[in-house]
Amino acid sequence: MTIERIDPEHRMSEAVIHNDTIYYTSVPENLDSDAEAQTADALAVIDNLLIRLGSDKSKILDATIFLVDKADFAAMNRAWDAWVSPGNAPVRCTVQAQLMNPKYRVEIKIIAAK
């Protein structure tokens, strides 16, 4: 059993790989944007990380989306629908959550095959 920790720090790792499965949580980098733009930004960060680790969005198995305001659900879905790999949509769950950074409107956790 091999566990590979990507960019580990004291508190957390950027990502973790176990049995050719990637575990990752993305947050937006542009915190002054609306929910749609923050979602698109967080999804682009996911794309970059998956490519770096030898995978891509078509191999995402599961996604959990944390939204601060349920009124942003449609905006988040517009960004998601424009991004998701056609014919390869993962299992997905969206929950309303108070996120730790008050500027975050969305946070996205994924599990992907390598």
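What follows is calculated from the coordinates using simple rules that are stated; it is not laboratory data. A quick note: this is a predicted structure, and the numbers were derived from the prediction, not measured. Using ideal geometry, Cβ is built from the backbone for each residue, glycine included, and neighbour counts are taken over all protein chains shown.
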So the angle from the long Cα axis of helix 35-52 to the longest Cα principal axis of the chain, reported in degrees to the nearest 10, equals 10
Around Ile108 (Cβ within 15 Å, Cβ-to-Cβ, excluding Ile108; K/R +1, D/E -1) the net charge comes to -4
Proximal lysine pairs in the chain, meaning Cα under 15 Å and 8 or more positions apart or interchain, come to 4
Ordered by number, the GluC sites (Glu not before Pro) in segment 7-114 that occupy a DSSP loop and have at most 11 other Cβ atoms within 10 Å are Glu9, Glu29
If one builds a Gaussian network model of the chain from Cα atoms under 10 Å apart, the most fluctuating residue listed among Ala82, Ala42, Ala63 is Ala82
Taking Cα atoms only, Rg over Rh for the chain with Rh from the Kirkwood formula is 0.96
If one compares the long axis through the Cα atoms of helix 73-83 with the longest principal axis of the Cα atoms of the chain, the angle in degrees, nearest 10, works out at 50
Length-normalised contact order of the chain, Cα under 8 Å, at least 6 apart, in percent, tallies to 35
In debye to the nearest 20, the charge dipole size for the chain, taken about the Cα centre with +1 at each Lys and Arg Cβ and -1 at each Asp and Glu Cβ, equals 280
With the 8 Å Cα cutoff and a minimum separation of six or more residues, segment 63-102 has a relative contact order in percent of 71
Taking every DSSP bridge whose two residues both lie in the chain, the antiparallel percent to the nearest 5 is 80
